[in-house]
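**Q** Please see the structure below; I have some questions.
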Amino acid sequence: MKRIACFCIPAHGHTNPMLPVAAELVRRGNAVRFYSFREFEEKIKATKAVFVACDDFLPELTDREAAGLKQVSSTEMTIQDIRITLAMDDFLSREFADFQPDVVYTDSVCFWGKLNALKHRVPMVVSVSTFAFNQLSSRYMKNSPKEMADMIFGLPRISKALQELEAYGYHVKSALSLVQNDNDTDSVVYTSRRFQPCAGSFSGHYAFVGPSVFSNALPVKAKERPLIYISMGTVINDRPDFYAKCVEALKDRNVDVVISCGGHMEKKLPASLPDNIRAYSYVNQLEILSKADVFVTHCGMNSVSESLYMATPMVLYPQTGEQCAVARRAAEMGAGVFLRDDSPEGIGKAVEEILSSAVFAEKAAQCSLDFRSCPGPAGAAEFIENAPHESAAEGILDAVNKRSGRMRGFYWLIAAAAMLLTGLLIGWKYVWVTGIAAGVLSYPVGRTLQEKIYQNLASESERGQ
């Protein structure tokens, strides 16, 4: 039996995949304490883990801070995570001394879980609620100008907050080191190796266990007419404009529609709905998806995973950089189409594209079989129980970096030769033009070479297995 301390931030998308794993850990005879928030108390107690409330350590938020969190501001989330870590320091020091956990199982952006595992030298397993991101897979993300500006202009505030951690015995190089996935940290990822972008670049410290859900139910799609399910998740779901356009797009079609729009439903939907459209604050999403033929989704990792688990193709409407990465991968697998035009006409066209072609349903069904072949919560529990894990000293990513480094050196030798020839043949005053061109091209050329090297190494690795 192991003593396992679980930590998560107050967010459904991060908590939900940890719950089936916690239940499995308890079932296997482990002592599990789950440090979370009263909003999730009932769900956590249902796993039979010991619930420990952390609400008293949440800081009071200004209107600006609350708005930043609602808009998923990376800066604001980082600042608040640091504040909570500092507020919980004395409490968690006592908890670690009392409970003496053998393993810490913590969400990847839950700073107080990760930092206390390091501070108290307890083996840690990180719960990755979206894809695992490194320098290769992160290229699937597409941050908006607003997100980029938030990260850049938020650096001074983050740097100041990080300095406060040092006095409490938390040694942090940068905010990136707190949230990035590295090849030395044991990590559970709730998808398959097939669905994870650049899966071959991750070490044996990663367990790709597939969707973490409580249901083993199979999809049942037979019914009189197609069912369209619409949800924008639990965070950025205040979209009355989008819901109204969905209603307009689907009200006269021979389909049934279910909309899940979270709390304050009356503020998000038209005053009256057509007979073929039903709306709810919350639904049993897996149950709806088991019957749905199309899912119009914001592309949160949990939502996409549950959709593919239930063999439901999607209309992909991502709102953040991470959601863009998940949407891109789903589209690559042939299980969805991007919503490029969110007018009523565009929504109707995207839904009809999926309904009119059996290929999308077939590809989603293939993903479902892939997900169901994964070890799931039982595999995650076993991985956590046996932490820490060992892995090969050098993985594919290390080899990619070495080879791409040599190629970059060769590139700049060619660039230097081109600059010399420009000076000799055209004139030295034009050398700067060649230099600027070489600098501008270095990034796309380097990126293309790195991806090519990775693909070759990954193919070699697969042939060798």
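**Q** In terms of Cα to Cα distance under 16 Å, which lysines are near enough to residue 221, apart from those fewer than 8 places away along the same chain?
**A** Counting by Cα, and skipping residues close in sequence, residue 221 has these lysines nearby: 291, 363.
**Q** Tell me which DSSP H helices of the chain clear both cut-offs, 27 Å or more of axial length from alpha-carbon atoms and a mean Kyte-Doolittle hydropathy of at least -1.0.
**A** Length and hydropathy pass: 396-425, 431-464.
**Q** Got a number for carbon plus sulfur as a percent of the chain's accessible area, 1.4 Å probe? Intermediate values should be presented prior to the final figure.
**A** On the way: 12390 of 22500 Å².
Carbon-and-sulfur percentage of accessible area, whole number: 55.
**Q** I've got another one for you. Under the definition of Cα pairs under 8 Å and six or more residues apart, what whole-number percent is the relative contact order of the chain?
**A** Relative contact order here is 14 percent.
**Q** Would you mind working out the accessible area per residue for the chain, using a 1.4 Å probe, and quoting it in Å²? Before the final figure, lay out the partial values.
**A** Values: 22500 Å² over 465 residues.
It amounts to 48 Å² per residue over the chain.
**Q** Further, regarding this structure: With a ≥ b ≥ c taken as the square roots of the eigenvalues of the C-alpha gyration tensor of region 290-409, please select rounded if a/c is under 1.5 and otherwise prolate if a/b is larger than b/c or oblate if it is not?
**A** Note, shape of region 290-409 comes out oblate.
**Q** Additional query: Going down the list 251/349; 142/173; 223/268, which pairs span over 20 Å between their C-alpha atoms?
**A** Pairs exceeding the cut-off: 142/173; 223/268.
**Q** Would you list which aspartates and glutamates come within 12 Å of residue 245, measuring only between C-alpha atoms, while excluding same-chain residues fewer than 8 positions from it?
**A** 341, 342, 345
The values are calculated or read from the model by the stated rules, or taken from the named source; none is laboratory data. Quick caveat: nothing in here was measured; it's all calculated off a predicted structure. Note: accessible area is taken over every heavy atom of the protein model, side chains too, but ligands, DNA and RNA are not part of it. Shrake-Rupley method; radii C 1.70, N 1.55, O 1.52, S 1.80 Å.
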